[in-house]
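Take a look at the structure set out below.
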């Protein structure tokens, strides 16, 4: 059975990850890791992520100050997962931080430290194109023949100019 406080905290993290209308692969990875940290079973995790994507989850503020601090750190982790903070994510963090009595400059400093500590997620790599097959080399032709390659130096221009 899932602890109610852990489920509530995890659903808050899912709501934060989905607040910008997009659940990026790095955010999804962080949610999977945090599900393990919060002892959330895979089935419950998937259900909560589905609800978050549909916009059916809300941010819950825990009553204890220590829980608020811990959850704010996790919220910063999830919103920084894709290497950028969207306006809606920033707004959510600011509202949550206000429940802690944390001023905006302090919140910005914490977010900045987190973004610098974790490099931005690399954009997805384009699929590698199949290597181009080697071109067959042209058949060798005798020098001076009318079929000689055009870029071959002509004998009259091969002499050094005095």
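Residue check: is residue 61 within 21 Å of residue 111 (Cα to Cα) and outside any helix (DSSP H, G or I)? Can you show your working first?
Values: within 21 Å of residue 111 (Cα to Cα): yes; outside any helix (DSSP H, G or I): yes.
Taking the combined requirement at face value, the residue satisfies it.
Only one of 81, 97 is in contact with a helix residue (DSSP H, G or I) (Cβ under 7 Å, 6 or more places away or on another chain), surrounded by 13 or more Cβ atoms within 10 Å (Cβ to Cβ), touching a residue at least 40 places away in the same chain (Cβ under 8 Å) and closer than 22 Å to residue 116 by Cα. Can you tell me which? Working first, answer last.
On the way: 97 fails: touching a residue at least 40 places away in the same chain (Cβ under 8 Å).
Only one candidate qualifies: 81.
To keep it simple, each residue is scored yes or no on (1) at pLDDT 90 or above; (2) at positive phi; (3) in a loop (DSSP other than H, G, I, E, B).
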position: 88; (1), (2), (3): yes, no, no
position: 106; (1), (2), (3): yes, no, no
position: 112; (1), (2), (3): yes, no, no
position: 115; (1), (2), (3): no, no, no
position: 127; (1), (2), (3): no, no, yes
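Looking only at residues in segment 11-28 that are surrounded by fewer than 22 Cβ atoms within 10 Å (Cβ to Cβ) and more than 13 Å from residue 53 (Cβ to Cβ), which one is farthest from the chain's Cα centre (by Cα)?
Top of the filtered list is 25.
Quick one: what pairs do we get from segment 41-62, first residue farther than 19 Å from residue 90 by Cβ, second at pLDDT 95 or above and in a loop (DSSP other than H, G, I, E, B), C-beta under 7 Å, 6+ apart or different chains?
none
The values are calculated or read from the model by the stated rules, or taken from the named source; none is laboratory data. Source: prediction; values computed, not measured. Counting neighbours? That spans all protein chains shown, and the Cβs are built from the backbone with ideal geometry, glycine included.
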